[in-house]
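Structure first, commentary second.
The values are calculated or read from the model by the stated rules, or taken from the named source; none is laboratory data. In this text the structure is predicted, and so the values were computed from the model without any measurement. Because the Cβ atoms are built from the backbone with ideal geometry, glycine has one as well, and the counts that use them run over all protein chains shown.
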Amino acid sequence: MDPESAFELIKRKPTQEILTEDRLMTHLKEGTPLKHYIGFEISGFVHLGTGLLCMQKVADFQKAGVETQIFLADYHSWINGKLGGDLDTIREVGGGYFKEALKISLECVGGNPDDTRFIMGSDLYKRLGREYLETMIRVSLKLNLARAKSSITIMGRKEGESVNFGQLLYAPMQVADIYSLGVNLAHGGMPQRKAHVIALEVSNAFKYKPLAVHHYILMGTHVTAEQRERIIKAKSSGDRAGYEDGLIDVKMSKSKPKSAIFIHDTEEEIRRKIKKAFCPAKELELNAVMSIQQFIVWPRLLRRKQPLELVNKKTGKTTTFETPTELELHYMKGDVHPLDLKEAVANYLVEILAPARKHFLEGKGRRYLEELEALQVTR
């Protein structure tokens with residue numbers, strides 16, 4: 001693939017930021033092999049944000065000729081108290097349900113799980129041993145305590161929140177993972193930016209400087225008008241910490257199961273959750289349904305070169321939109337009713353998630369889902 005086409009694949013939504021675009025284009029033009037990684041804490045059920053949005057970007061990297069890797073961060077999950085803080089359970093779920101869910105999610109968005117390497121964190125640490133420890137110490141020596149404490153947002157925690165000493169190891173471990181894997185393209189949601197920036201800043205302690213690609217974070221359906229107002233106010237006033245804390249509150253999370261759409265949800269569950277989702281009329285920013293159509297529905301339609309069809313329930317008329325911008329302009333003008341948008345988004349989600357739903361509710365993935373359900377945990 002030519003450098004310009006590969007660049008556009010990597011840059012397209014849900015990508016929000018590339019550090020830096022110039023260095024990425026230089027690598028592509030020079031034919032530098034790109035080795036990618038995205039890391040995941042192992043927890044409960046996989047939702048649209050973890051599954052479809054993240055894997056959609058992995059699929060883009062695959063198409064761009066990038067070597068892709070998915071890091072199953074069992075030690076990080078342990079540090080962050082996931083699945084009850086039981087390391088054996090974390091590893092069991094990581095090698096079972098969680099890995100299976102990411103594979104089927106990648107299939108749902110047009111990627112190939114066979115072309116992606118899955119790595120369990122503890123396996124990497126066992127293999128590298130002293131070498132990994134030295135890498136982590138090298139990173140830690142470049143990192144002061146205040147920076148480590150301010151980086152806890154990468155764990156889904158708010159800045160200033162009380163943490164134990166073990167949790168302060170999280171950021172240097174994440175940076176050490178990048179260099180231990182030989183990754184030159186680190187990938188994650190915007191909350192991972194702090195760790196990736198540290199990786200760029202300490203690169204002089206290693207032999208190269210990685211790229212970082214950050215994607216948007218999918219909102220949960222639980223957002224309220226009050227939350228939306230607070231976040232917009234923090235953003236406009238330059239309150240960065242308040243803005244970031246607000247985004248943590250509204251992101252789609254498995255710990256809020258009624259507001260998260262899981263990849264194995266039934267058609268009825270999908271429709272019910274979308275129907276209750278926050279969708280203010282004529283507003284695009286911090287609109288949960290708009291977020292889903294923008295980052296989940298439209299990428300699929302654009303890959304297939306298909307328009308979005310929306311039915312006006314009141315008149316019965318079907319309107320066709322050729323681009324996301326066209327739909328958004330009509331929504332802002334009030335030409336598209338929130339209920340009609342919800343109906344269309346629900347229909348598309350039911351279709352997109354059909355392979356995952358069949359796999360986990362009817363196929364060989366059922367045993368993985370049952371094993372996780374038996375643990376009676378969602379986090």
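Would you point out which residue out of Gly65, Gly84, Gly111, Gly94 is in the same structural domain as Glu30 (by TED's automatic domain parsing), more than 19 Å from Val183 (Cα to Cα) and not in a helix (DSSP H, G or I)?
Details: Gly65 fails: more than 19 Å from Val183 (Cα to Cα); Gly84 fails: not in a helix (DSSP H, G or I); Gly94 fails: not in a helix (DSSP H, G or I).
Answer to the selection: Gly111.
What single numbered condition from (1) exposed (fewer than 14 other Cβ atoms within 10 Å of the Cβ); (2) of a type outside the set (S, T, N, Q); (3) in contact (Cβ under 8 Å) with a residue 60 or more places away in the chain fails to hold for Glu351?
Evaluating Glu351 over (1) exposed (fewer than 14 other Cβ atoms within 10 Å of the Cβ); (2) of a type outside the set (S, T, N, Q); (3) in contact (Cβ under 8 Å) with a residue 60 or more places away in the chain leaves (3) as the failure.
When you go through Arg117, Arg193 one by one, which is the residue that is within 27 Å of Ser253 (Cα to Cα), touching a helix residue (DSSP H, G or I) at 6+ places or on another chain (Cβ under 9 Å) and charged (D, E, K, R)?
On the way: Arg117 fails: touching a helix residue (DSSP H, G or I) at 6+ places or on another chain (Cβ under 9 Å).
Only one candidate passes the filter, namely Arg193.
Tell me which of these Lys57 doesn't satisfy, since it passes every other one: (1) free of Cβ contacts under 8 Å to residues at least 24 places away in the same chain; (2) buried (at least 19 other Cβ atoms within 10 Å of the Cβ).
(1)
Any residue in segment 28-43 that's within 9 Å of Glu67 (Cβ to Cβ) and in contact (Cβ under 8 Å) with a residue 40 or more places away in the chain: show its pairings with residues that are in a strand (DSSP E or B) and of a type in the set (Ser, Thr, Tyr) at Cβ separation under 8 Å, as long as the two are six or more apart or on different chains.
Taking only residues 6 or more apart or on different chains, the pairs are His36/Thr68.
If I filter segment 203-248 down to residues being in contact (Cβ under 8 Å) with a residue 40 or more places away in the chain and among the basic types (Lys, Arg), which single residue comes out as nearest to Phe7 (Cα to Cα)?
Per the stated criteria, the residue is Lys209.
Going through segment 348-379 one residue at a time, which ones are over 22 Å from the mean Cα position of the chain (by Cα) and part of a helix (DSSP H, G or I)?
Lys358, Leu361, Arg366, Arg367, Glu370, Glu371, Glu373, Ala374
If I ask for residues that are modelled with pLDDT of 95 or more and polar (S, T, N, Q), which ones from segment 184-203 would you list?
The answer is Asn184, Ser203.
Conditions first: (1) closer than 22 Å to Thr50 by Cβ; (2) modelled with pLDDT of 95 or more. Leu339 passes all but one, so which condition is the exception?
(1)
What do you reckon, is Ile248 out of contact with any helix residue (DSSP H, G or I) (no Cβ under 6 Å at 6 or more places or on another chain) and outside the structural domain of Ala344 (by TED's automatic domain parsing)? Spell out how you get there, then give the answer.
Values: out of contact with any helix residue (DSSP H, G or I) (no Cβ under 6 Å at 6 or more places or on another chain): yes; outside the structural domain of Ala344 (by TED's automatic domain parsing): yes.
Here the answer is yes, as Ile248 does meet what is asked.
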